[in-house]
1. Where the centroid of each part is defined by its Cα atoms, how far is segment 61-113 from segment 254-275 in Å?
2. Tally the DSSP beta bridges in the chain and give the antiparallel ones as a percent, rounded to 5.
3. In degrees, nearest 10, range 0 to 90: what is the angle between the Cα axis of helix 136-145 and the longest Cα principal axis of the chain?
4. If I fit a long axis through the Cα atoms of helix 251-260 and take the longest principal axis of the Cα atoms of the chain, what angle between them do I get, 0 to 90°, rounded to 10?
5. Let me know the whole percent of all Cα-Cα pairs from segment 132-187 that are separated by more than 15 Å.
6. Sorted by packing (mean other beta-carbon atoms within 10 Å per residue), highest first, where do 196-203, 258-265 land?
7. Can I get the semi-axes of segment 63-118's equivalent ellipsoid? Compute them from the C-alpha gyration tensor as square roots of 5 times the eigenvalues, in angstrom, largest first.
8. If you take every DSSP beta bridge whose two residues both sit in segment 138-291, what share of them, in percent to the nearest 5, is antiparallel?
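Please treat every number below as a calculation from the coordinates, not as lab data. For clarity, every value in this text was computed on a predicted model and none was experimentally measured. For neighbour counting, all protein chains shown are included, and Cβ atoms are generated from backbone atoms with ideal geometry for every residue, glycine included.
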């Protein structure tokens, strides 16, 4: 069974999507439609901007989403997903792939999400850190012992968890986690504490946008970040998309559940190869591919 997976923030690079734009009329139409919807030429920033341009949340998120959806569009009638999942932002790309959301509707939600997250970052200084070499239970336990906000945010693969919270909380947790045996605790160059309680103001704003959007019954299940379980119910999908902003991304559990349910090949659609690497670390026997 084919599983299609879509990357999130952090997979962007200068030049992303340029080859697609130049080689596929179908992809080019999507890129130009996005330029019109956004009100600026995001393609200029994607193809020839700077790393700094692409790090801005309100550029990064629509750029990655656009690249992923355009890459899927060139498959045409050959694209028959049987199960989909996306890492954080990638969940929106997955929901276009399984026809829960139309392209324009999803892009507008991605923009609303990015803007709300950027505003939440400005309200409270916050950050994230990658913790390598510890089991989930130890990271969870140490985070609970820290004063202030710090929580596990991304369960990326065994031995790799990202924590998220206030700057003081994350730094304190890093010290404790190194003392508990972590191989490394790396502060990440991000705008704020994604997938943590710091994002509560953003969650409320996104909820209003999602409530107003049109969701259809998908052609195949989406395995969502919040609970790592498959869903084809638009009401459940809506709720999980909102909750995702303040809840952890359970990527390890998602991939494990997809394999249990019959996934034989994981194809990553979008910029970079981050998810392929994570899938192989979760299950060495998994077959991975990219478009």
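1. 15
2. Values: 19 of 34 bridges.
Antiparallel bridges: around 55 percent, rounded to the nearest 5.
3. 60
4. Approximately 60 degrees, to the nearest ten.
5. Details: 515 of 1540 pairs.
More than 15 Å apart: 33 percent of the Cα pairs in segment 132-187.
6. Details: 196-203: 21.4, 258-265: 15.8.
Going by the mean number of other Cβ atoms within 10 Å, highest first, we get 196-203, 258-265.
7. Working: eigenvalues 84, 24, 18 Å².
Semi-axes (√(5λ), whole Å): 20, 11, 10.
8. Values: 8 of 13 bridges.
Among the beta bridges of segment 138-291, antiparallel pairing accounts for roughly 60 percent.
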